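The values are calculated or read from the model by the stated rules, or taken from the named source; none is laboratory data. What you are looking at is a predicted structure, and each value in this text was computed from that prediction instead of being measured. Please note: Cβ atoms are built from the backbone with ideal geometry, for glycine as well, and neighbour counts cover all protein chains shown.
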Amino acid sequence: MSHYSFEFPYLFLLIGLFWLCFKKCPAKSLAIYLPYIHFLIGKKSVKSRWIDIFKWIGILALITALASPVKVEKFNNIKKEARDIMLILDSSKSMLDRGFDLENLEKDKFNIVIDVISNFIKERPNDRIGVINFSSSAFIASPLTFDKNYLQNIIKKQRVGIVGSRTAIYDALAQATYILENSDAKSKIAILLTDGADNMSYTTYKDLKNAISKSTIKLYIVGVGEYDDLNVPKLKELAKAGRGNFFLASNSFALNKIYKEIDKSETSKMKGESYKKYTYYYYFPLIISIIFLLLFVYYKSAKGIAK
């Protein structure tokens, strides 16, 4: 967005002052000594009229230069505060259970989760996202990255039972906590998805809860399946320690809704800054003024033309 203006527009009032001066304060001429000379000279010559034109163009251009014509360009710089997000994905054998999608009863929970996470990643173009896959043990499927194409390929390659058939929730959360705590991002989020209770971790519940409560991480936990299959009280306590929430999804529709709610609540902060750029053009009318005032002086003095 840009516009043109004058930095000192009030200087155009000088035009009236010059006009008044030329009318009321004429320069002394031969008329003082020869009061009737104008009858002899007659009307102004054509060259004399050109002198007036040169004079007034020079004056107007000079005043325009003094008023300082300027182009003002306004820029808005919007900065987004990106987040670091670790997606912690349960790939134990129970994730092969079917019936979670009411529209496609043959589709297993794991593939439904992959679709939901893939859509979640698409909605976070400015965030750095990583993936931890866990069952009997936890491993980093993808480090924190801005490369969403790479991340989508990694997500599609995840399979149930890659690292066993049991459930090491606490080890996976401990690994995500360590990664995020070593990140320099201002906002750090962990989203754990599981359909069972921990039965394999070396990390104790007490140590994990203590580490999460002391961290700067916000923790969301999403349980999928039946309430009785999950240790809901402990998962809720962990989410509370991480200043987040626990959600329970009994079907694919509820799971989609939960991830959309998390996405909405963790919208990237936007910080707007505006600044102006000034480009000055006073030198154009100044050059014009110099040229025409030189012409005025040349024809007025060198040619000896009477006004």
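Contact map, segment 39-65: residues that are closer than 11 Å to residue 295 by Cα paired with residues that are at pLDDT below 50 and of a type in the set (Gly, Ala, Ser), Cβ distance under 6 Å, separation 6+ or inter-chain. No pairs are found. Quick one: would you say residue 170 is surrounded by fewer than 22 Cβ atoms within 10 Å (Cβ to Cβ), assigned by TED's automatic domain parsing to the domain that holds residue 88 and of a type in the set (Phe, Trp, Tyr)? Spelling it out, it is not the case that residue 170 is surrounded by fewer than 22 Cβ atoms within 10 Å (Cβ to Cβ), assigned by TED's automatic domain parsing to the domain that holds residue 88 and of a type in the set (Phe, Trp, Tyr). All conditions but one from (1) modelled with pLDDT under 90; (2) in the same structural domain as residue 230 (by TED's automatic domain parsing) apply to residue 53; the one that does not is (2). Here residue 80 does not qualify as under 40 Å from the mean Cα position of the chain (by Cα) and modelled with pLDDT of 90 or more. Among the residues of segment 167-187, none is identified as touching a helix residue (DSSP H, G or I) at 6+ places or on another chain (Cβ under 7 Å) and at pLDDT below 95.
Taking the condition of a type in the set (Val, Ile, Thr), in a loop (DSSP other than H, G, I, E, B) and either assigned by TED's automatic domain parsing to the domain that holds residue 191 or on the phi > 0 side of the Ramachandran plot (or both), does residue 163 pass? For residue 163, the condition - of a type in the set (Val, Ile, Thr), in a loop (DSSP other than H, G, I, E, B) and either assigned by TED's automatic domain parsing to the domain that holds residue 191 or on the phi > 0 side of the Ramachandran plot (or both) - is met. Exactly one residue among 197, 172 is among the aliphatic types (A, V, I, L, M) and out of contact with any Phe, Trp or Tyr (no Cβ under 6 Å at 6 or more places or on another chain), and that residue is 197. Within segment 159-189, the residues that satisfy the criterion of being in contact with a Ser or Thr (Cβ under 7 Å, 6 or more places away or on another chain) and either free of Cβ contacts under 8 Å to residues at least 40 places away in the same chain or closer than 19 Å to residue 259 by Cα (or both) are 168, 170, 171, 174, 181, 188. Tally up the residues in segment 142-162 that are hydrophobic (A, V, I, L, M, F, W, C), touching a Lys or Arg at 6+ places or on another chain (Cβ under 8 Å) and over 15 Å from residue 86 (Cα atoms), please. Final tally of qualifying residues: 1. For residue 87, the conditions (1) of a type in the set (A, V, I, L, M); (2) assigned by TED's automatic domain parsing to the domain that holds residue 11; (3) closer than 26 Å to residue 199 by Cα are fulfilled apart from (2). In segment 175-190, of all residues being of a type in the set (A, V, I, L, M) and in contact with an Asp or Glu (Cβ under 7 Å, 6 or more places away or on another chain), the one that is surrounded by the fewest Cβ atoms within 10 Å (Cβ to Cβ) corresponds to 185.
For residue 142, state whether it is of a type outside the set (Val, Ile, Thr) and within 23 Å of residue 178 (Cβ to Cβ). For residue 142, the condition - of a type outside the set (Val, Ile, Thr) and within 23 Å of residue 178 (Cβ to Cβ) - is met. Listed residues 153, 111, 126; which is assigned to a loop (DSSP other than H, G, I, E, B) and more than 19 Å from residue 211 (Cβ to Cβ)? It is 126. Could you tell me which residue of segment 1-50 is modelled with the lowest pLDDT, considering only residues that are surrounded by fewer than 13 Cβ atoms within 10 Å (Cβ to Cβ) and touching a strand residue (DSSP E or B) at 6+ places or on another chain (Cβ under 7 Å)? For segment 1-50, the residue satisfying everything is 1.
Look at residue 203 and say whether it is surrounded by 16 or more Cβ atoms within 10 Å (Cβ to Cβ) and assigned to a loop (DSSP other than H, G, I, E, B). Yes: the conditions hold for residue 203.
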